[in-house]
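Everything on this sheet refers to the single structure shown next.
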Amino acid sequence: MRGVLLLAFVTGCFPKCNLNLELPPLFPSGDDAGDDEPSFGQLDLGPTVTQAVPPPPISGGTLAVLASGTIAVAADPDRDRIYVVDLTTKQKLADVVLSPHDEPGRVLEDGLGRVHVVLRSGGAVVTLDPMTWTIAARRDVCPAPRGIAWEAATDTIDVACAGGELVSLPAAGGPATRTVQLDRDLRDVVAFQGNLVVSRFRTAELLVVDATGVVTSRVSLPSVTPLTTNHPGMPFAADGAWRIRVSPEGDSIVMLHQRAMGGMVAASSHGGYGGADPCNDPIVQTALTSWSSDGGVSAGAVIANAVVPVDFAFSHESGQIAIVSAGNAKLLDAPTIVTVGRDDVHDGLCSGVGQFAPAGDEPIAVAYTPDDHLLVQSREPAVLELRDTGDTIVLSTDSRADTGHAIFHANSGATIACASCHLEGADDGRAWSFDLEDGPRRTQSLRGGILGTEPFHWDGDQPDFEHLVTEVFTNRMAGPVLTTSQMAAAKSWADSVPLVPPSPGDADAIARGKALFDDTAGASCVTCHNGPKLTNNLTGNVGTGAPFQVPRLLGVAQHAPFLHDGRAATLADRFGPTGGGDSHGHTSQLTPPQIADLVAYLESI
């Protein structure tokens, strides 16, 4: 075993560590150091395997224990199934088969015991009949539904969509009664003190929506400057709101999210993205932050060793919060479940006690029974584990193991994963400052296929996928050197991540915008943005400061802010001086309505 794997077990600082703690050197030395560079942990990826139908990125939060306390419902996005489990007999009651690529996500029980499950890629919500555990209804809601909530006063379920729609439906059945258009990239929605509170994924923003569908307030979590030893004085800004829940007391919203460092990143250094110390080294932290309706925002606990934190749950009596660290599933001796006390959410310190999954398990969701038994759902193998007894309930024997998927989500050993910045295969909405580049560089999305768009990075400095992975995963993230088969698996999976389907727009405006886009004598966008992925793969200076790679435009509306340094907050901002003026397509002659048409087209692709 090379390197120091878990700071907690070396220093004994859990359950709580002050971030200003003086720490001993954690780089390995002597025979454990490896031949050339320091390594912080050892990945066990097992035999290389790929799937004919690649598994989707991990979204988490697919498990619910029903009010009875004896039934659990688990959604399986890898196999397009929903399982109903009797926790008393430890037997499956139902195995509900969905359509291919439905990708079931959040699970919700309403007040009459009906269970509603969001189909993230199926564009619908299915309702299970609690008497037969069969599908009672399937209702289309939007192209990319994400979160779901139940309002008791009106017996209404509300669905938040990545395209910005907030859709309300009668829980008992029937078509939508209201659709409100909010900001894009919605994630979760909860009923809270007479309002709905909706989270946005990449910005970690909360939108408070009143009974009429109006956004009455927006809550942005403040940047934090922790007393870290390796990044002193560097601000960390909230992003990656993986999940929100209402506190057990009902007086606040608790968000499990990430924080990204705002200072200069040492990309030229081996392991510059992180290190062995989970409290001080990584440029991306995991945090729990609470917000109350009186406007108070907690200091937020830093959660040590929680890499790719896809879900969390409150215990009912013991005062614990369990967090899934999906990124640690392949890192030897690293915890896959991290628990903290509820009070730790308010103190701003680095907290967490690690628990380990059985060998080979890849947890994606957690829930507590009413008597505080912790349940953990694993995607591979598909099992439900009763953590305190060690009992497991097999959900499916169909393997969905995929080495490329594992590499993308894996803690490289330096307390960071590819998925830490490429959230669900997309991006974190952030422009990072690297010591290797002149100025900030906006994280780019993998969605829609990246092969055939080489060279990579805004500066075009990575000629192919193999160079990209070696530079970023092996060097900057201190990950292992991948074997030929592992590299091929990583390449195959990274190219498979699908686009988020766009929301419908004004068909006439889209047609007019496409005509403007394709007009080589006018705006001339198509001169550079052409081909199946809308890029000519060349590097050019478009008046934004230097020559940069022509980016793919597929799914562009989902990836604000825009341009290489995120200088354009909206697509409309890109047209004009902010976007380089007429050096970046000839658009100065376009009228505001024509710009709106062009934006409508870009939002449709």
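Residues to consider are Arg379, Arg400; find the one that is out of contact with any Leu (no Cβ under 8 Å at 6 or more places or on another chain), closer than 12 Å to Thr336 by Cβ and among the charged types (D, E, K, R).
Going through Arg379, Arg400 in turn, the sole match is Arg379.
Would you confirm, using the coordinates I've provided, whether Glu466 is in a helix (DSSP H, G or I) and over 23 Å from Val307 (Cβ atoms)?
Yes: the conditions hold for Glu466.
Any residue at all in the stretch 68-76 that is open to solvent by 10 Å² or more (accessible area, probe 1.4 Å) and touching a strand residue (DSSP E or B) at 6+ places or on another chain (Cβ under 6 Å)?
No, the conditions are met nowhere in the stretch 68-76.
Take the stretch 485-525 and flag every residue that is within 18 Å of His405 (Cα to Cα), in a helix (DSSP H, G or I), touching a residue at least 40 places away in the same chain (Cβ under 8 Å) and in contact with a helix residue (DSSP H, G or I) (Cβ under 7 Å, 6 or more places away or on another chain).
Gln486, Ala489, Ala490, Lys491, Ser492, Trp493, Ala494
For the stretch 306-326, how many residues meet the condition of being of a type outside the set (A, V, I, L, M, F, W, C) and open to solvent by less than 10 Å² (accessible area, probe 1.4 Å)?
4
Quick check on Ser199: is it within 21 Å of Ala124 (Cα to Cα) and either of a type outside the set (Asp, Glu) or in a strand (DSSP E or B) (or both)?
Here the answer is yes, as Ser199 does meet what is asked.
Kindly check whether there is at least one residue in the stretch 542-557 that is farther than 16 Å from Leu590 by Cβ, part of a helix (DSSP H, G or I) and either over 28 Å from the mean Cα position of the chain (by Cα) or modelled with pLDDT of 95 or more (or both).
yes
Taking the residues in the stretch 354-413 that are buried (at least 22 other Cβ atoms within 10 Å of the Cβ) and polar (S, T, N, Q) as candidates, determine which candidate is nearest to the chain's Cα centre (by Cα).
Of everything passing the filter in the stretch 354-413, Asn411 is nearest to the chain's Cα centre (by Cα).
Does Gly262 count as surrounded by 17 or more Cβ atoms within 10 Å (Cβ to Cβ) and not hydrophobic (A, V, I, L, M, F, W, C)?
Against the criterion (surrounded by 17 or more Cβ atoms within 10 Å (Cβ to Cβ) and not hydrophobic (A, V, I, L, M, F, W, C)), Gly262 qualifies.
Going by what's in this entry, would Leu451 be described as touching a Ser or Thr at 6+ places or on another chain (Cβ under 8 Å) and more than 20 Å from Val307 (Cβ to Cβ)?
no
Considering only residues of the stretch 288-310 that are touching a Phe, Trp or Tyr at 6+ places or on another chain (Cβ under 8 Å) and in contact (Cβ under 8 Å) with a residue 60 or more places away in the chain, which is farthest from Gly233 (Cα to Cα)?
Only one residue tops the list, namely Ser293.
Taking only the stretch 273-329 into account, find how many residues are in a strand (DSSP E or B) and either more than 27 Å from Val107 (Cβ to Cβ) or among the aliphatic types (A, V, I, L, M) (or both).
Qualifying residue count for the region: 13.
Name the residue that is most open to solvent (accessible area, probe 1.4 Å), counting only residues in the stretch 576-605 that are in a loop (DSSP other than H, G, I, E, B) and free of Cβ contacts under 8 Å to residues at least 24 places away in the same chain.
Within the stretch 576-605, the match that is most open to solvent (accessible area, probe 1.4 Å) is Ser588.
The values are calculated or read from the model by the stated rules, or taken from the named source; none is laboratory data. Since we're looking at a predicted model, the values are computed, not measured. Here the Cβ is made from the backbone with ideal geometry for all residues, glycine too, and neighbour counts use every protein chain on show. The area values use the complete protein model at the heavy-atom level, side chains included, leaving out ligands, DNA and RNA. Shrake-Rupley method; radii C 1.70, N 1.55, O 1.52, S 1.80 Å.
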